[in-house]
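Values in this text are rule-based calculations from the coordinates and carry no lab data. Please read these numbers as outputs of a predicted model, since none were measured by experiment. Cβ placement follows ideal geometry from the backbone for every residue including glycine, while neighbour counts extend to all protein chains displayed.
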Amino acid sequence: MQVEEILGRVARDLEHLKQFTATPGEGCTRLPFTKEARQAVDFLGGLMREAGMEVVEDAAGNIIGTLKGTNPELPCVMMGSHYDSVINGGDYDGIAGVICAIEVARLLKETGAPMKRNFVAVGFCDEEGMRFGTGYFGSGAMLGNRDPDYCRKFKDTDGISIYDAMKEHGLDPEKIQDAAWKKGSIGYFLEAHIEQGPVLDAENIEIGLVDCIVGIQRYMVTVHGRSDHAGTTPMDMRMDATDAASKVISKIADWAREKADGTVATVGYVKTTPGGMNIVAEKVEFTVDIRSKNNDNINDIARRIRAALDRETAAMGGSYEMDTKLVITPVNLSEEMLKIMEESCKAHAYSYKYLPSGAGHDSLEIGQVIPTVMVFVPSKDGRSHCPVEFTKYSDLSKAALIMTELAQNLLNRD
Ligand code: HGY
Ligand code: MN
Ligand code: MN
């Protein structure tokens, strides 16, 4: 099987999936438990069936295809990524890895090579956390880390909980724990993903071998003050939530820069209430996303944010909440599996480079407990989470080829 033949199928499938967006012409918006998610899941299920897989949609909204091995009682080899997107995102983030996984299943079937273990391809639901501010919902549920209370707790900006969104989508959140796999039933996890950064493209490298993924902490901060007339209220009588919140927000990026080791911190969402230009804001909500390979750095920045909120809200006479949305530690990926893929790259004369991932992925969640490996393919100009996101189908096809060779190695282990 050559790259050109694989490329044709990968291109066909990803081009077809581009239509499943809530913002046609303005990037991919495919949020969990929406019409677009349903369309993508149905299409992916059809591809899996065509590839000869047994297909189920689990209680968390993951779409799962299984290619049976001769010893199905052995822990499976699982490969996948997420089918959801950010708002106005790109056409490759996540979904390209799902198509890669289905392509590996096709190649395994076509080569007819013996397979002891089952090969399982997965399209995960809600890796991004874009709608509910969380993340890794489908992969977390697969590990048994999600329950009905979790589903009730997190809401989108319209006040719809994961719980209600699931019911609306035809899923039963009370049964979310049915999505959990028996401990030990997943032997290895593989994920192909676009790099979403500038390294491979700038250095003209075809394959990224990911050796570690940063840890992430996400918070929603709400600062409470008091609304007043912007003209008549003297400055020393105000409880200005914007003034207090902005004094904290303005420090966060510098605290990350000070670490000088790739640590990043982002305030991506800020909302003032009531939001009038001649009203002192009574409330400000803002998100914080902190990432680092060094978990102490993440904890230190979170601690400094809390201390600054204590100081600035006390000075203003107001209050705050800092709600935790996600806490996940950095993960090192499987050296053994990376080495096997490095040999494949050499055999195929693909250029490659070891690199860390600054983006979180389902591998970050799964890699906490299961031997996991990721492969990156170049993102044009390093752009991602935006409509101009672009990756060459030829690079995705090369990733599918080397991951097929890794899968064949793993599938025949006792
Ligand atoms: O936010 C991320 O790192 C990823 O795109 N979920
Ligand atoms: Mn992704
Ligand atoms: Mn993403």
Self-check item: Cα principal axis extents for the chain, largest first, Å
Solution: 79, 45, 41
Quiz item: Using Cα atoms only, what is the angle between the long axis of helix 241-259 and the major principal axis of the chain, expressed in degrees (0 to 90) to the nearest 10?
Solution: 50 degrees
Quiz item: Non-local amide H neighbours of residue 209 (under 5 Å, H modeled in plane, Pro and chain starts lacking H): which ones?
Solution: 353, 354, 355, 376
Quiz item: Along the charge dipole of the chain, which of 372, 302, 51 sits closest to the positive end, that is, farthest toward it, with unit charges on the beta carbon of Lys, Arg, Asp and Glu (+1, +1, -1, -1)?
Solution: 302
Self-check item: the chain - charge dipole about Cα centre, Lys and Arg +1 at Cβ, Asp and Glu -1, debye rounded to 20
Solution: 360 debye
Practice problem: Determine, at each q value in 0.10, 0.14, 0.23 (inverse angstroms), the log₁₀ of I(q)/I(0) that the Debye formula gives when each Cα of the stretch 215-328 is one equal point scatterer. | Solution: -0.31, -0.56, -1.19
Quiz item: Counting Lys and Arg as +1 and Asp and Glu as -1, what is the net charge of the other residues whose Cβ lies under 14 Å from the Cβ of residue 67?
Solution: +2
Exercise. Would you give the gap between the C-alpha center of the stretch 336-404 and the C-alpha center of the stretch 173-229, rounded to a whole Å?
Key: 14 Å
Practice problem: May I ask you to evaluate 6.51 cos²θ - 1.76 cosθ + 1.60, the Karplus curve with θ = phi - 60°, for each residue of the stretch 144-160 and list the ³J(HN,Hα) values in order in whole Hz, giving x for glycine and proline? | Solution: x, 9, 10, 9, x, 5, 4, 5, 6, 6, 9, 10, 8, 6, 8, x, 8
Quiz item: To the nearest 10 degrees, how steep is helix 335-348 against the longest Cα principal axis of the chain, on a 0 to 90 scale?
Solution: 60 degrees
Quiz item: residue 235: net charge of surrounding residues, Cβ under 12 Å, Lys/Arg +1, Asp/Glu -1, itself excluded?
Solution: -3
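I'd like to compare 88-101, 223-236: which one has the highest average count of other Cβ atoms within 10 Å, and what's the full order after that?
Highest mean packing first, the order is 88-101, 223-236.
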Practice problem: Could you please report the charge total around residue 314, scoring K, R as +1 and D, E as -1 over all other residues with beta-carbon less than 13 angstrom from its beta-carbon? | Solution: +1
Practice problem: Name the residues whose placed amide hydrogens come within less than 5 Å of the amide hydrogen of residue 326, ignoring near sequence neighbours (fewer than 5 apart) on the same chain. | Solution: 218
Quiz prompt | Dipole magnitude of the stretch 215-328 about its Cα centre (Cβ charges: Lys, Arg +1; Asp, Glu -1), debye to nearest 20 | solution = 280 debye
Exercise. Please give the peptides 343-352, 37-46 ranked by average Cβ packing (other Cβ atoms within 10 Å per residue), highest first, as a rough proxy for protection.
Key: 37-46, 343-352
Quiz item: On a 0 to 90 degree scale, rounded to 10, what angle separates helix 295-316 from the longest Cα axis of the chain?
Solution: 20 degrees
